[in-house]
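Engineer: Can you keep this structure in mind? I'll have questions shortly.
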Amino acid sequence: MSDPALKQQFVTPMFDIIAPRYDQFTRLFSFGLDRRWKAQLLAELSSHVGPNTRALDLACGSGDLAFALAARGAQVTGVDASSRMIEAAKQRSHGEPSPSFVVGDMTTLDAPDASVDVVTAGYALRNVPDYARALREIARVTKHGGRLLTLDFYRPANPLWRRAFLAYLSAAGNTVGWLWHGEPVVYGYIARSVEHFVSIDDFNAALEENGFAVERVYRRLYGGIAVHHAVRAA
């Protein structure tokens, strides 16, 4: 997790493994709170998404956020580094409106400068080798005044809570990874990725440094989870 050169080589194959049961795990792992957190993110966009909105959903997984944006009329492209995740998202596409889904890298997006109105990123930036580089790339493709909404795990600032939080993530992830896949690391890695990520306040600072103004932050689980709403600065 601490070596950017190796991180993507580990993360992408792992998501290929977990793709078939990713949604089931996410709901189980969060005791159903994942739906509530995503609903919060989407509520923030209620007045910013319509038929002429162009949206990117990064690390789209099986497409929860992408489909929700498309249902609001947006023209959505879901991007994920895992080809099996993209296959899972495409299998959910039935009729219209439906997003398009492509395999891609959020640090080198296939989109022109200032061409996107809304970017969503659920459990995304923690998994990229260089999240600051990804933020710069997101800033490049987002129009001035455009919106970035992220949902992710963060390193809790309180050391006692951080220890307990990471212990739960590790124990639960390892157990489910072993029972479902015979590979504890495929979900146990979450604790490691959080340990090597940043706090919510550090992420706020990174957003500001890379072209975004933080409009709102919803902190959950005492700093272990957050929804960020940021605006592309002029």
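Engineer: What single numbered condition from (1) within 19 Å of the chain's Cα centre (by Cα); (2) free of Cβ contacts under 8 Å to residues at least 24 places away in the same chain fails to hold for ILE225?
Structural biologist: Unmet for ILE225, out of (1) within 19 Å of the chain's Cα centre (by Cα); (2) free of Cβ contacts under 8 Å to residues at least 24 places away in the same chain: (2).
Engineer: Quick check, is ARG216 over 18 Å from TYR131 (Cβ atoms) and either touching a strand residue (DSSP E or B) at 6+ places or on another chain (Cβ under 8 Å) or not small (Gly, Ala, Ser) (or both)?
Structural biologist: The answer is yes for ARG216.
Engineer: Give the residue, chosen from SER62, SER30, that is within 29 Å of THR175 (Cβ to Cβ), modelled with pLDDT under 95 and touching an Asp or Glu at 6+ places or on another chain (Cβ under 7 Å).
Structural biologist: Only one candidate qualifies: SER62.
Engineer: Here's a follow-up. Answer yes or no: is there a residue in the stretch 187-197 that is of a type in the set (A, V, I, L, M, F, W, C), under 30 Å from HIS48 (Cβ atoms) and not in a helix (DSSP H, G or I).
Structural biologist: Yes, that holds for at least one residue.
Engineer: Restricting to the stretch 91-128, give me the number of residues that are modelled with pLDDT of 95 or more, charged (D, E, K, R) and exposed (fewer than 14 other Cβ atoms within 10 Å of the Cβ).
Structural biologist: Number of matching residues: 2.
Engineer: Return the residue satisfying two criteria in turn: it lies in the stretch 135-145 and is in contact (Cβ under 8 Å) with a residue 40 or more places away in the chain, in contact with a Leu (Cβ under 7 Å, 6 or more places away or on another chain) and in a helix (DSSP H, G or I), and of such residues it is nearest to CYS60 (Cα to Cα).
Structural biologist: Top of the filtered list is ILE138.
Engineer: Quick one: in the stretch 88-117, which of the residues that are touching a helix residue (DSSP H, G or I) at 6+ places or on another chain (Cβ under 7 Å) and touching a residue at least 60 places away in the same chain (Cβ under 8 Å) is farthest from ASP16 (Cα to Cα)?
Structural biologist: SER115
Engineer: Report yes if some residue within the stretch 55-71 is of a type in the set (S, T, N, Q) and free of Cβ contacts under 8 Å to residues at least 40 places away in the same chain; otherwise report no.
Structural biologist: No, there is no match, as no residue in the stretch 55-71 is of a type in the set (S, T, N, Q) and free of Cβ contacts under 8 Å to residues at least 40 places away in the same chain.
Engineer: Looking for whichever is within 17 Å of TYR131 (Cα to Cα) and under 20 Å from the mean Cα position of the chain (by Cα) here; the options are SER170, SER193. Which one fits?
Structural biologist: When all the criteria are applied, what remains is SER193.
Engineer: Please state which one of LEU148, LEU160 is of a type in the set (A, V, I, L, M, F, W, C) and part of a helix (DSSP H, G or I).
Structural biologist: Checking each option against the conditions leaves just LEU160.
Engineer: Right, another one. Taking the conditions exactly as written (more than 16 Å from the chain's Cα centre (by Cα), surrounded by fewer than 17 Cβ atoms within 10 Å (Cβ to Cβ) and in contact (Cβ under 8 Å) with a residue 60 or more places away in the chain), does ALA157 satisfy them or not?
Structural biologist: Answer is yes for this residue.
The values are calculated or read from the model by the stated rules, or taken from the named source; none is laboratory data. Every value quoted in this text rests on a predicted model; they were computed, and no experiment measured them. Positions of Cβ are generated from backbone atoms using ideal geometry, with glycine treated the same way; all protein chains shown enter the neighbour counts.
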